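Participant: Here you go, one structure.
Every read-out reported here was derived from the displayed coordinates using simple, explicitly stated rules and does not represent laboratory data. Please read all numbers here as calculations on a predicted model, not as lab measurements. Glycine also receives a Cβ, built like all others from the backbone with ideal geometry; neighbour counts cover every protein chain displayed.
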Amino acid sequence: MRWGTWIPTVRVVAMSLEAEFVDWLKEQVGRHEALCVGIGDDGAVVHWGDADKHGGEAVVVADLLAEGTHFVLDVLGPRRVGRKALAVNLSDLAAMAAIPVAATVSVLLPRMNAQWIARELFEGLLPLAREFDVAIAGGDTNTWNGPLVIDVTAWGRLTPSGPLLRSAAQVGDRILVTGRLGGSILGRHADFQPRIDEALALRTEYGIAAGMDISDGLALDLSRLATASGVGAILDVDHVPVHDDAHRLSADTSQGPSALQRALADGEDFELLVTAPPDVAATLTARSPFAVPLTDVGEIVAAAGLSERRGDGSLRPLNPTGYLHEAEDRTP
Ligand SMILES: [Mg+2]
């Protein structure tokens, strides 16, 4: 399971570069009247007509996948790459509680086999577009002597309830996650189902306001949500729903990260992370309205930072990045 240990290491480096650059860019770009929600959430909310109604606002997300950085073409194959390129964008639209509308797809193809790869990419992508009624509105196609790069920009519309935001968590909220986490490298990182329907139900039927999708691991993404909301979080680690794939991987690599560590830090789960007032959270977990489980994994607190709480009630600080490195260091 070499890729399971290699990919997260690359991701940690890329993320710290990205975080620094994004902060710089935010400063350079400044405010603009067309941006209701700008850089820093899962997507942007762009003012698109009638300012009095959320219907007049569009959500736009963008995600680029590059061979060698995000996937190994020989391992994944171009069909799954094409599907994943759209799916990660749909997951970001879900994270904003947006209904997908349209997408553009731009590809930079290796000259060798360019025609075949291009067709395969779309053979993988188009069934998912049909499933979520996404119009493929165009894009750009180029060839070069480098590896495959695919870049998707997707557009969504909001319901009258408005978006889910990373910045909307409140002290006292419970923290909920959909599905099970960890070990996505065994296949789910490419073949996952974007949680569009679940996100729309959480926003419109249950009034949930704070959320994001889990792309870089529960610990790191929860710390981002807490920071964006100006709050802290306590994670009940014994309640974290660990996927069978995480158990399978940690059984295969007995000296590597534990299944729980994988659930907290592997990433690419593309599940939803939301926060809800305790009564709403209790209703949701009792009702379990989705085909996937919905689990209460902790609470939002006033004190900044992330803590982990064990079953015996003991608390200790949880450094999400440290957690990642620790997991890597323990990998043979
Ligand atoms: Mg996201």
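Participant: Over region 31-158, what is the relative contact order in percent, taking alpha-carbon pairs closer than 8 angstrom and at least six residues apart?
Facilitator: Taking the mean separation of contacting Cα pairs over the length of region 31-158, I get 34 percent.
Participant: Mind checking the full-extension length gain between Gln115 and Ala19? Use 0.36 nm per residue of separation minus the Cα-Cα distance, one decimal, nm.
Facilitator: 31.0 nm
Participant: For region 166-329, what does the alpha-carbon gyration tensor say about shape, rounded, prolate or oblate, given a ≥ b ≥ c as the root eigenvalues, a/c under 1.5 as rounded, and a/b over b/c as prolate?
Facilitator: oblate
Participant: Same structure again: Compare Leu158, Leu86, Leu284 in a GNM of the chain, Cα atoms joined below 10 Å, and give the one with the largest fluctuation.
Facilitator: Largest GNM mean-square fluctuation: Leu284.
Participant: Taking only DSSP H segments of four or more residues, each worth -39500 (n - 2.57), what value at 222 nm results for the chain once the sum is divided by all its residues, to the nearest 500 deg cm²/dmol?
Facilitator: -12000 deg cm²/dmol
Participant: I'd like the antiparallel share, as a percent to the nearest 5, of DSSP beta bridges with both residues in region 31-158.
Facilitator: 75
Participant: Show me, for region 38-49, the HN-Hα J-couplings you get by feeding each phi into the Karplus relation (A = 6.51, B = -1.76, C = 1.60, θ = phi - 60°), rounded to Hz, glycine and proline as x.
Facilitator: After applying 6.51 cos²θ - 1.76 cosθ + 1.60, I find x, 4, x, 9, 5, x, 9, 10, 9, 5, 9, x Hz.
Participant: So what's the gap between the Cα centers of region 184-208 and region 77-139, to the nearest angstrom?
Facilitator: Cα centres, region 184-208 to region 77-139: 17 Å.
Participant: Rounded to whole Hz and in sequence order, give me ³J(HN,Hα) for region 306-316 from the Karplus expression 6.51 cos²θ - 1.76 cosθ + 1.60, θ = phi - 60°, writing x for Gly and Pro.
Facilitator: 10, 10, 10, 10, 8, x, 7, x, 5, 10, 8
Participant: For a quick size check, give me the Cα extents of region 31-158 along its three principal axes, largest first, whole Å.
Facilitator: 51, 31, 21
Participant: What do you get for Rg/Rh of the chain when both radii come from the Cα atoms and Rh is the Kirkwood radius?
Facilitator: Result: Rg/Rh = 0.96.
Participant: Expressed as a whole number of Å, what is the distance separating the alpha-carbon centroids of region 297-315 and region 214-279?
Facilitator: Centre-to-centre (Cα) distance: 13 Å.
Participant: Return a whole-number percent for the relative contact order of region 146-287, with Cα pairs under 8 Å and 6 or more residues apart as the contact set. Mind dumping the intermediate values first?
Facilitator: Numbers: 227 pairs, mean separation 60.0, N = 142.
The value is 42 percent.
Participant: Can you give the relative contact order of the chain as a percent, counting alpha carbon pairs under 8 Å and 6+ residues apart?
Facilitator: Answer for the chain is 20 percent.
Participant: Order of 193-202, 36-45 by packing, highest average Cβ count within 10 Å first?
Facilitator: Descending mean neighbour count gives 193-202, 36-45.
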